[in-house]
Amino acid sequence: MNMLDSWTATQDRVVRVGAAEQVFASLRGAIEGGKIPVGTRLDSEASLAKQYGVSRTMVREALRSCTALGLTATYTGKGTFVIADKVAQDLKLGKYSASALLEARPHVEVPAAGLAAQRRSNEDLEALREILREMSEEDDLHQWVLLNTEFHVTIARCSGNGVFESFLSDICDAMANQSNTLNLVADRRPESGQEHARILAAIESGSAEEASLAMREHLRGVEYALGTIIPGSGDSGVGQTP
């Protein structure tokens with residue numbers, strides 16, 4: 001009997017819709033509830049995928065978020081281990097932390113959106129529209145996260161400022177990890193869709209002021225959502241003028 005059998009025996013198999021979210025919630029609940037104690041080596045992705053009745057991709061997303069929350073750690077050649085039974089004070093996103101992103105993004109993405117409104121071409125607008133169209137039709141969280149990152153990187157490119165574009169490209173992996181975790185814990189995709197639409201509308205109108213404001217409001221929404229799962233993460237000052 002593997003380590004999950006004792007507490008998953010009576011659970012239904014996870015359905016495909018929201019699979020990653022449900023796998024994550026199940027693993028997180030078991031870890032925080034002490035059913036999978038600190039020090040336990042989790043089963044392999046393949047084994048977990050079989051137990052939950054989902055793809056390895058779904059399991060990988062769930063495990064990535066457990067690591068981001070500081071509950072697990074993966075060691076090359078050894079596997080993934082439970083290292084804590086409560087959420088850490090900050091998300092671990094690889095190269096950058098959630099707190100670092102919250103502090104830095106407003107100083108780059110807000111002015112980048114303003115410049116994009118002034119400098120965007122018709123081709124730029126069409127590219128942004130297509131990204132949002134695909135996001136609105138995408139059910140798979142992994143693909144949605146990739147499109148979300150592409151939207152933000154594209155706005156930086158539309159700004160015509162190579163520094164802004166390089167910065168977004170540098171943090172895109174951390175942004176994707178944060179978005180994945182955030183939407184597994186507290187799905188805000190509908191809110192993000194509305195916020196993105198307002199950003200695009202402002203860029204299309206050519207108003208730097210409105211585009212900057214729309215981006216600031218979006219980043220404030222991200223900060224608020226993070227504050228619901230990470231203690232103290234809502235104090236970075238996103239709502240203040242950089």
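The values are calculated or read from the model by the stated rules, or taken from the named source; none is laboratory data. In this text, all values refer to a predicted model and were calculated from it rather than measured experimentally. Don't worry about glycine lacking a Cβ; one is built from the backbone with ideal geometry, like all the others, and counts go over all protein chains shown. In case anyone asks, the SASA skips ligands and DNA or RNA and just uses the protein heavy atoms, side chains included. Shrake-Rupley method; radii C 1.70, N 1.55, O 1.52, S 1.80 Å.
Only protein heavy atoms count here; under a 1.4 Å probe, Arg41 has an accessible surface of about 130 Å². Which angle between 0 and 90 degrees, to the nearest 10, do you get for helix 56-68 versus the longest principal axis of the chain when only C-alpha atoms count? Roughly 80 degrees between the two axes. Rolling a 1.4 Å probe across all protein chains gives His142 an accessible area of roughly 60 Å². In the chain, helical runs assigned H by DSSP with n ≥ 4 each contribute -39500 (n - 2.57); averaged across all residues and rounded to the nearest 500, the mean residue ellipticity at 222 nm is -21500 deg cm²/dmol.
The alpha carbon convex hull volume per residue for segment 46-111 rounds to 116 Å³. Only protein heavy atoms count here; on that basis, with a 1.4 Å probe, Lys95 has an accessible area of about 140 Å². Short-range pairs are left out: with C-alpha atoms under 8 Å and at least six residues apart, the relative contact order of the chain is 21 percent. In whole Å, how far is the Cα centre of segment 163-236 from that of segment 47-97? Computed from Cα coordinates, the inter-centre distance equals 23 Å.
Working with all protein chains in place, sort Arg157, Arg64, Arg198, Arg120 by solvent-accessible area computed with a 1.4 Å probe, largest first.
Details: Arg157 105, Arg64 85, Arg198 135, Arg120 60 Å².
Descending order: Arg198, Arg157, Arg64, Arg120.
With respect to the chain, whose longest principal axis is taken over its alpha-carbon atoms, helix 19-32 is tilted by about 60°.
When the convex hull of the Cα atoms of the chain is projected onto a plane and the area is averaged over all directions, what value comes out in nm²? Don't jump to the answer; show the numbers that get you there.
On the way: hull surface 52.0 nm².
One quarter of the hull surface, i.e. the mean projection, equals 13.0 nm².
Taken about its Cα centre, segment 40-96 carries a charge dipole of about 140 debye when Lys and Arg each add +1 at the Cβ and Asp and Glu each add -1 at the Cβ.
Annotation: for a label point projected 7 angstrom from Cα along Cα→Cβ of Asp140, residues of segment 37-80 with backbone N closer than 13 Å are 55-59, 61. Dipole check for the chain: with +1 at the C-beta of Lys and Arg, -1 at the C-beta of Asp and Glu, and the Cα centre as origin, the magnitude is about 800 Debye. Ignoring ligands, DNA and RNA, what percent of the accessible area of segment 52-146 is carbon or sulfur (1.4 Å)? The C+S portion of the solvent-accessible surface of segment 52-146 is 49 percent. Average projection, convex hull of the Cα set of segment 66-205: 9.2 square nanometres.
Which semi-axes, in whole Å and largest first, does the equivalent ellipsoid of segment 137-178 have when worked out from the alpha carbon gyration tensor as the square roots of 5 times its eigenvalues? Walk me through the numbers on the way to the answer.
Numbers: eigenvalues 89, 27, 4 Å².
Semi-axes from the Cα gyration tensor: 21, 12, 4 Å.
Projecting the Cα atoms of Pro106, Ala197, Ala62 onto the charge dipole of the chain (Cβ charges, centred on the Cα centre) puts Ala62 farthest toward the positive pole.
Taking the longest Cα principal axis of the chain as reference, the axis of helix 189-205 is set at about 20 degrees.
Once the chain from Asp170 to Arg60 is taken as fully extended at 0.36 nm per residue, the excess over their C-alpha distance is 37.3 nm. Pop the C-beta distance of Thr76 and Leu125 into the FRET formula with R0 = 45 Å and round what comes out to the nearest 0.05. Between Thr76 and Leu125 the formula returns 0.55. Take every Cα pair under 8 Å whose residues are at least 6 apart in sequence, average their separation, divide by the length of segment 76-206, and the relative contact order is 34 percent. With kT/(6 pi eta Rh) evaluated at 25 °C and eta = 0.890 mPa s, and Rh the Kirkwood radius from Cα pairs, segment 7-122 diffuses with a coefficient of 152 µm²/s according to Stokes-Einstein. Here's the list of aspartates and glutamates a cross-link from Lys50 could span, going by alpha-carbon distance under 17 Å and ignoring same-chain residues fewer than 8 apart: Asp5, Asp12, Glu21, Glu61.
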